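What follows is a set of notes on a single structure, which appears directly below.
The values are calculated or read from the model by the stated rules, or taken from the named source; none is laboratory data. The model shown is predicted, which means the values in this text are computed figures rather than measured ones. Backbone-built Cβ (ideal geometry, glycine too); neighbour counts: all protein chains shown.
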Amino acid sequence: MSKTGTVYTETVVHAAPTQFVADAPYQLAIVSFDQGSRQTVRILGERVQIGDMVEFAEDRNGVLFFRKAQGAAGRPASPPVL
């Protein structure tokens, strides 16, 4: 698994499974990696959006946690409306 990737999609979980009820609400994201694979991960810290770069933070009992990459530009800016 790569240590960095790009957010493919994301959601916030409000109605969590029993083992994660104390953590709710929390953000999940599907992250695309350079080699073409995708993985569902939990997001720590600042909320991410589709297109944001993320980096590996930690593995808690098999649950992968990523955070917004430091210094990442994130999503490209929208083109100006003319």
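Of all residues in the range 2-59, count the ones that are within 16 Å of Ala69 (Cα to Cα) and of a type outside the set (Ser, Thr, Tyr).
Residues that pass the stated criteria total 29.
Among residues belonging to the range 33-62 that are more than 13 Å from Tyr8 (Cβ to Cβ) and basic (Lys, Arg), point out the one that is surrounded by the most Cβ atoms within 10 Å (Cβ to Cβ).
Here the residue is Arg42.
Anything in the range 1-46 that is touching a residue at least 24 places away in the same chain (Cβ under 8 Å) and charged (D, E, K, R)? List them, or say none.
Across the range 1-46, the qualifying residues are Lys3, Glu10, Asp34, Arg38, Arg42.
Which residues, counting only those in the range 11-32, are β-branched (Val, Ile, Thr) and either at pLDDT below 95 or loosely packed, with under 14 Cβ neighbours inside 10 Å (or both)?
Thr11, Val12, Thr18, Val21
Name the residue, out of Gly62, Gly74, Gly45, that is modelled with pLDDT of 95 or more and at positive phi.
Of the residues listed, the single one that is modelled with pLDDT of 95 or more and at positive phi is Gly45.
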